[in-house]
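**Student:** The structure's right below; bear with me while I get my questions together.
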Amino acid sequence: MPSSLTSRRPITTNCSFKSLSSLPNNATDKKTLVKPVAPRATVVYKSAQKHALRKPGNESLDDLRSRLDEQEKRLSLLEDNRKDALEKSIISEEKLRKQERDSAHLTEQLNKLLEKKQDVVTSLETTRSSYKSSKIEETALTQSIREAKVEIQCLKASLDSQKCKTELFEREALEQKYRMDNLRKDIEILRRSLDQEKQTHHQHEKTRNHRAYSIEKIQLDLQQLQNELEIQESRIEKNKSDNEKLYQEMKESARKLRENEQHLEDLYSKIHKLLGRLETNRERISHINSEIQSVEKEKNTLTRNYEQLLNEERSMKANLVDISSKIESLTIEMQRLRFREEMNLNECKQEANYLHDCLQDNIEKIEQLEREIAASQQISNRNKEQWDKLQTEVNDLQSIISQKEREIEQEVINKNNLLRQIEQTKESISLQQQEISELDKLCSQDEITRRYLHNLVQELKGNIRVFCRIRPNLSKEIESMFVDNVTSDASRLSISSASSVSSITSCNNTTLEPQYRIFSSNSVEVVAPQKYSETNKSAKQHLSKWNFSFDRIFGPESTQEDIFEEISQLVQSALDGYRVCIFAYGQTGSGKTYTMLGGENEGESGIIPKSMRKIFSAAEYLHEQNWEFHLKASFLEIYNETIRDLLADHTISKERNYDIKIDRLTGATYVVGLTVEDISTPYQLEKLLKKSVANRSTAATRCNERSSRSHSVFRLYISGRNNETGEERMGLLNLIDLAGSERLNSSGSTGDRLRETQHINKSLSALGDVISSLSNKEKHIPYRNSKLTYLLQDSLGGDSKTLMFVNVSPTCESFQETLCSLRFAQKVNSCQIGTAHRVTKVDLCAGFFAKECTM
Ligand SMILES: Nc1ncnc2c1ncn2[C@@H]1O[C@H](COP(=O)(O)OP(=O)(O)OP(=O)(O)O)[C@@H](O)[C@H]1O
C-alpha cells in the first residue's frame, strides 16, 4: 500500500541506528572502542598495583628485576591484547560498514522495488479502469446484440407470418387450380355429355325432351360455372393484391435485415477492437507478471541476504522480518491481484467467446433469413406466374364457354333438322333391311350353286392340271447379256419377233438364241437355233421349234395376283372339304419359291401366304353362314430322302427319324412325331411360315446361289362344321416347293451336291411315275419309290385335286433344262386321274389329323 510504503523510509534510518545502539554507549570513536578488551588488562594492572604497594626497601634487585620483567611481560601482553582488540575492532568496524553498505543497498533496492510496485499498482489501476470501460462497452454491445436479436426475432416472426401467408396463398392457388381442373373436367364432361346427347338425339325421338331439359341444365351449369369463374377471378384479384402487399412487406423486412446486418457488422468490428484491447491488456498483464516474477526472484535473493544479515545482525532481523512480512503481504496482494486479473481475463475471454458465438448465430440467422427471403421471393414469383397462367386459362375457358354456347345454339337448330332426317332414314332403313333379307336368301342359294358349278368346272378341267410360268429376265441377267453383246458376240444376227400374240426373247433379238412365243393362254412355242437341239443338230432348217400346251401359261409380265386369281378356286376347294395339292416344278432358279412363297419385296407374296389370307377371309365370310373352321398346319422338308420338321428345333429335327404312315381307315398319310400347330390368326400363320423358311436348308450351287436343295411341303388341315345344319367338311391343302430339277452334267455338282442332285432327280422321276401310273390306271401305283410320293399319296390320288406349276427360266444357259421341264409337264398335263371327292366324315378325319400331332 502506498501509505505503508512511504512510512518505510524513516524506518530504514532507525534501523541503522538500532543496529548501532547495540554497541557500548561510549564506543563512538576508536579509543573507546579499545575498551571492551579491558577486563583482561584490568586484572593484569590490578596485580601490578598489588606488587607496587609492597615496600621497595624490603625487596631485592632480582625481585625488582623479575617484577619488572613480569611487568614488561604483562605490558607486552597487554600490548598484544590491545592490538588484538584493535584489529578486532577494525574488523568489526569494517563489517559494520559493510553491513551499513549492504543495508543501504538493500534500502535502495527496496525503494526501487517499492517504486516498481507503485508503477505496477498504477498500471493495474489503469488496466482496471480500461477493463471497466471495456466492460461498459461490452454491456453496451451486449445490449445492442440483445436488441439486434429481438429485432431478428421480430423479423423472423414477420417472416413466419409472411410464410404462413404465402402458404395460405399457395394453398388457395392450389385450391383454385383444383377448382379450375374440376371446372375443366366439368366442361369436358359437359362436352362429352353434349356429344352423347347429339348421338342419342340422332337415335331416339323420345330423348328430345330430355335433351332439351339437359341442355337447359347444361346452360344453367355453364351459367353457374361462369359465376364461379367470376368469383374465382375476384379471389385471384384479391390474392394478387395480398401478394403485392406481402411483396412490399418482404421488401421492408429485407431492408431491415440489411440494416441489422450493418449494425451487426459494426458490433462485430467493435468486438474486434475490444478483443484487440483485451489482447494488449493481456500482454501488459503478462509483462507485469514477468516483472512480478523478477521482483519475486529479487525478493528471494533479498530474503536470503536478509537471512544472512539476520544471522549476523539480530537488530536488522526484526526489520527484515517486517519487510518480508510486508513483502509477503504484498505478494499475497499481488497474487490476489493476479488471481483477480486472471478471473477478469477469463471473464473477458468467456464474454468474447459468448459474443463470438452470438455473432456466429446472428450471421447464421441472417443467412437463413436471406435464404428464406430468396425462397419467399421465388414463391411469390411462382405465384405470380401461376396467377398469370390462371388468368389466361380463365380467358381461354371464357372463350370456350362462349364458343360452346354458340355451338349449343347451332346444335339446337341442327337437332330439329336431324330429327326430320332420322325419320326419313328410318323409313329407308326398314326398306333396305327387307331388301337385305331377300338378298341373303339369294346369296345362300348362290353359294350352293357356286360350289356345285366350281366343282363341275374342276372335274371338267381334270383333277390334275398344269400351269406354266415363265419368269422374266432378272436385272443381273440383262446386264450380263448387254456385256456379252458388246464385248464378245458381235456376229449375232437380229431377227424380228415372230409372235403376234405375245412373245419374249430370252437373251437378245437374234436367231441364235431361243425364244418363247406364247400364242394363247394355254400354248407356247419354243423356237431355238439348231445348236440347242439335241436330236436335230444336223437338220437343214436353221431353227428348231417345240409346241407345248398347258391348262394355263403365264408370261413374264404375269403378276403374283394373276397367278393367285387362277388358283384361288383350288384353295376354296380345300375349304369345301377337298384334298388339294399344288406343287411347283422346275429347274433351279426358275421361280418355284417365288411362286410358292413369294419375293422379298412387298406385294410379291406367293401362293402360300395368299392362300392363307384367302382361307381366313373365306372362313370369316362362311362364319356368317354358321360355319366354324379349325386350322392346323405342318411344314416339313425332304432333303436327301430324309424328312425334317421345319417347325421343330433344328437340332431335334436333325437327330430324329420321321416315318411316314398311312391311316388304314381314311387312307390319309401322316408323319409320326411331326409338329402340327393350331392356327387361329393370320399372325400365327405368318410366324409359322417365317420359322419354317429360316429352318429350310439351302445350299449354294453354281446354278443359283440361294438354291433350295430340298422339297418343302406345307400342309394345312381345314376342318369345318356348320352349326346350323350339322354339315362337316375336312379339307387338306398341300403346297409344295419342289427342289430344283437339274441334269447332273449341267449343275456341275460334285460330292455332297452330287448326292443331293441324285436324290432330287430320283424323287422327281418317282413323282412322274406315280402320275403316269395314275393316268394309266395301273393297279400298282409306285408311291413308295420316294418319300415325296409316299407322303403325297393321299393328295395325288384320284379323289384329290392336283395342280402343277412348271416354272421356266428364260436364260439361254437354262434352255436344255427348260426343255426337259416342259416335256415333263406336258406328260403330266396329258394325265387324267379321276374325279375328286369331298371328305365329309369328320370323325374319320379327326383321327387322321390327330395322328401327326400325337405320334
Ligand atoms: N415371276 C418372277 N418375277 C420376278 N422375279 C422372279 C420371278 N420368278 C423368280 N424370280 C426371281 O428369280 C430368282 C430365282 O427364283 P427362285 O428362288 O424362286 O427360284 P427357284 O426355282 O425356287 O430356285 P431353287 O430351286 O434353287 O430354289 C429369285 O431372285 C426370284 O426373286
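**Student:** What is the spin-label model distance, in nm, from GLU686 to GLN196 if the labels are put 7 Å beyond Cα along the C-beta direction?
**Tutor:** With each label point 7 Å from Cα toward Cβ, the separation is 3.7 nm.
**Student:** Follow-up. What's the exposure ranking of ARG336, ARG82, going from fewest to most Cβ atoms within 10 Å? Kindly include the intermediate steps, with their values, before the conclusion.
**Tutor:** Working: ARG336 10, ARG82 15.
Going from least to most buried by this count: ARG336, ARG82.
**Student:** For labels at LEU68 and LYS389 in the simple 7 Å Cα→Cβ model, what's the distance in nm?
**Tutor:** A separation of 15.3 nm, rounded to one decimal place.
**Student:** Right, another one. Given 0.36 nm per residue, what is the gain on full extension from LYS238 to GLN424 after removing their alpha carbon distance, in nm?
**Tutor:** Stretched out fully, the LYS238 to GLN424 stretch lengthens by 61.2 nm.
**Student:** I would also like to ask the following. Give me TYR639, TYR213, TYR516, TYR717 sorted ascending by neighbouring Cβ count inside 10 Å, so fewest comes first.
**Tutor:** Fewest to most other Cβ atoms nearby, the residues stand as TYR213, TYR639, TYR717, TYR516.
**Student:** Still on this structure, please answer the following. Kindly state, to the nearest 0.05, the FRET efficiency for ASN353 paired with LYS116, given R0 = 35 Å and r defined as their beta-carbon distance.
**Tutor:** 0.55
**Student:** So what's the gap between the Cα centers of region 220-237 and region 115-190, to the nearest angstrom?
**Tutor:** So the two Cα centres are separated by 42 Å.
**Student:** Work out the FRET efficiency for SER158 and ILE231 from their Cβ-Cβ distance, taking R0 = 41 Å, and round it to the nearest 0.05. Don't skip to the end; give the middle numbers.
**Tutor:** Numbers: r = 31 Å, r/R0 = 0.75.
In this case the efficiency is close to 0.85.
**Student:** Under a 5 Å amide H to amide H cut-off, with H placed in plane at 1.01 Å, what residues pair with LEU674 once short-range neighbours are removed?
**Tutor:** Long-range HN contacts for LEU674: none found.
**Student:** Using 0.36 nm times the number of residues separating ILE413 and VAL672, minus their current alpha carbon distance, what extension gain do you get?
**Tutor:** Full extension from ILE413 to VAL672 adds 85.9 nm.
**Student:** Amide H to amide H, which residues 5 or more places from VAL808 or on other chains are under 5 Å from it, using H placed in the peptide plane?
**Tutor:** ARG469, ILE470, ARG471
**Student:** So who's got an amide H within less than 5 Å of the one on SER800, skipping anything under 5 residues away but keeping other chains? H placed 1.01 Å off N, in plane.
**Tutor:** For SER800, whose amide H was placed from the backbone, the distant partners under 5 Å are HIS837.
**Student:** How large is ³J(HN,Hα), in whole Hz, for each residue of region 626-636 in order, when computed from phi with the Karplus curve 6.51 cos²θ - 1.76 cosθ + 1.60 and θ = phi - 60°, using x for Gly and Pro?
**Tutor:** These are the phi-based 3J(HN,Hα) values: 6, 8, 10, 10, 10, 10, 9, 9, 9, 9, 9 Hz.
**Student:** Given a Förster radius of 25 Å and the C-beta distance between SER568 and ASN626 as r, what FRET efficiency does 1/(1 + (r/R0)^6) yield to the nearest 0.05? Could the numbers behind the result be given before it?
**Tutor:** Working: r = 23 Å, r/R0 = 0.92.
Plugging the Cβ-Cβ distance into 1/(1 + (r/R0)^6) gives 0.60.
**Student:** Can you compute 3J(HN,Hα) from phi for each residue in region 247-261, using the Karplus curve 6.51 cos²θ - 1.76 cosθ + 1.60 with θ = phi - 60°, rounded to whole Hz and x for Gly and Pro?
**Tutor:** Each residue of region 247-261 in turn: 4, 4, 4, 4, 4, 4, 5, 5, 4, 4, 4, 4, 4, 4, 4 Hz.
**Student:** Moving to a separate point now. Distance cut-off 32 Å, Cα to Cα: go down the list LYS654/LYS779; LYS610/LYS787; LYS88/LYS326; LYS592/LYS661; LYS614/LYS691; LYS238/LYS415 and report the pairs above it.
**Tutor:** Over 32 Å apart, Cα to Cα: LYS654/LYS779; LYS88/LYS326; LYS238/LYS415.
**Student:** Taking 0.36 nm per residue of sequence separation and subtracting the Cα-Cα distance, how much length would be gained by fully extending the chain between ARG179 and ARG755, in nm to one decimal?
**Tutor:** Answer, rounded to one decimal: 199.0 nm.
**Student:** Please give the Cα centre distance for region 326-370 versus region 618-668, rounded to the nearest Å.
**Tutor:** Here the answer is 104 Å between Cα centres.
**Student:** Work out, in µm²/s and without decimals, the Stokes-Einstein translational diffusion coefficient of region 147-301 at 20 °C, 1.002 mPa s, Rh from Kirkwood over C-alpha pairs.
**Tutor:** Values: Rh = 23.0 Å.
Value of D from the Cα-based Kirkwood radius: 93 µm²/s.
**Student:** How far apart, in nm, are the 7 Å Cα→Cβ label points at THR280 and GLU216?
**Tutor:** 9.8
Read the figures in this text as sums done on the coordinates, not as results from a lab. The model shown is predicted, which means the values in this text are computed figures rather than measured ones. Positions of Cβ are generated from backbone atoms using ideal geometry, with glycine treated the same way; all protein chains shown enter the neighbour counts.
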